[in-house]
Amino acid sequence: MAAPIALTDLKALYASQQEKLIQAATRVLASGWYVLGQENERFEQAFAAFCGVGHALGVANGTDAVELALRAVGVGPGDLVATVSHTAVATVSAIERIGATPLLVDVEPASYTMCPQSLQAAFGKAAAGGYGQARIKAVVAVHLYGHCADMRAIGDIASRFDCPVVEDCAQAHGATQHGRKAGSMGRIAAFSFYPTKNLGAFGDGGAVATCDADLASKVRMLRQYGWRSRYESEIPGINSRLDEMQAALLSVRLCALEAENSHRRSLAALYAQELSGLEGLRLPSTAEHCEHVFHLYVVRLAGRDSLAAHLKSQHIGTAIHYPLPVHMQRAYADRIPLAPGGLPQTEALYPEILSLPMHPSLSPEQVRSVCAAIRQWFHADKAAPRS
Ligand SMILES: Cc1ncc(COP(=O)(O)O)c(C=O)c1O
């Protein structure tokens, strides 16, 4: 039996930086300071520099980061926040946690990220009172799978309505568009450091990034009980702090991020080469002026379930990101407003997407083995039509 090939491999990731990670962890354990300290400040500075912004604030996770970014730009109960349905449910749950209402718009067929035309239509309907009294107070653009949403088009539309754009960069650490890094293109940005992310912690973690000093100081207060100084709450806040252990480990991980992203890109190029010409198989594309960081390598195919079952039988890990769009999940179905015209692209793509193995410790030989197994399925399929 051939060795299994995992979708992702966190043990291998740890092994690749083991010595430095242990040193960092030991330093924190001996320090006597475990939450929001020097390690956090060091990481915040390095991460802000990496993203090309003035400020980064460590928080407890990516969902909190979206919530705090929205609260910082002034979103409150009853406001509409436009975002996509084809995303991690966290994007939408963060909006609802504020008491705001998500307004879900469609995605583009090539990048699977927010469709500017659908957003424009949502703004038009909201301005005409089509969603009642509520107006769109912010847009959350999700940079999905490692590819940036079209920030110029989205920013142009939002600015006509004087509306801030929040970037959800949970899947796009280091991705660029027109030479600018994810997290530096909107008014404010949210990052997750969940372990499987391109920049992953060894537990939960997140950050809010912005060039705006006033927003940064608001998030600094919001993440810790609204304190301006210790025990003095100036605004109502929450507890969403990054601990020193995660900050120290993230500083180690950050040093490897560019090299790991570039390895992901070379694996994606190999996938594209080895999978070219297979009828009906759509490979990920990268828009002009964008640099993809392949958080996930997602192909699209009618008959995806049969291919996934074949790969499983060959001990190759796959997953579906995501099996159901948010507006079709039981918790949200029939109660979340949608953009005019509904979400036809979103509803067409979810039964067809499949994430193939992609992680920094994956080797070119393993990618070739995955591709050989896929080709085998296609050729077998010629003999027996797929269901
Ligand atoms: C697009 C997106 N937004 C937000 C989040 C939330 O991050 P976390 O799991 O750290 O709360 C995630 C993580 O799954 C995500 O993929």
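Computed values, structure above
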| quantity | calculated |
| --- | --- |
| Selection from the range 45-79 of residues that are surrounded by fewer than 24 Cβ atoms within 10 Å (Cβ to Cβ) and acidic (Asp, Glu) | ASP79 |
| Filtered residue count, the range 32-74, keeping only those that are assigned to a loop (DSSP other than H, G, I, E, B) and within 16 Å of the ligand (Cβ to nearest atom) | 2 |
| Output for the range 140-173, where each listed residue is of a type in the set (Gly, Ala, Ser), within 15 Å of the ligand (Cβ to nearest atom) and open to solvent by less than 10 Å² (accessible area, probe 1.4 Å) | ALA141, GLY146, ALA149, ALA172 |
| Search result, residues across the range 80-97 that are more than 17 Å from the chain's Cα centre (by Cα) and surrounded by fewer than 20 Cβ atoms within 10 Å (Cβ to Cβ) | GLU96, ARG97 |
| Selected residue (criterion: farthest from ALA373 (Cα to Cα)) from residues of the range 317-337 that are of a type in the set (A, V, I, L, M) and more than 19 Å from the chain's Cα centre (by Cα) | ILE336 |
| Selection within the range 80-124 - farther than 21 Å from TYR145 by Cβ and part of a strand (DSSP E or B) | LEU80, VAL81, THR101, LEU103 |
| Subset of the range 197-211 [in contact with a helix residue (DSSP H, G or I) (Cβ under 7 Å, 6 or more places away or on another chain), in a loop (DSSP other than H, G, I, E, B) and of a type outside the set (Phe, Trp, Tyr)] | ASN198, LEU199, GLY200, ALA201, GLY203, GLY205 |
| When residues of the range 98-125 are limited to those that are away from the ligand (no atom under 16 Å from the Cβ) and aliphatic (A, V, I, L, M), the one surrounded by the fewest Cβ atoms within 10 Å (Cβ to Cβ) | ALA110 |
| Residue satisfying all of: in the range 190-207; within 8 Å of the ligand (Cβ to nearest atom) and among the aromatic types (Phe, Trp, Tyr); nearest to ALA248 (Cα to Cα) among these | PHE193 |
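The values are calculated or read from the model by the stated rules, or taken from the named source; none is laboratory data. Just so it is clear, the model here is predicted, and its values are computed rather than measured. As a convention, Cβ positions derive from the backbone with ideal geometry for all residues, glycine included, and neighbour counts pool all protein chains shown. These area figures cover heavy atoms from the full protein model, side chains too; ligands, DNA and RNA do not enter into them. Shrake-Rupley method; radii C 1.70, N 1.55, O 1.52, S 1.80 Å.
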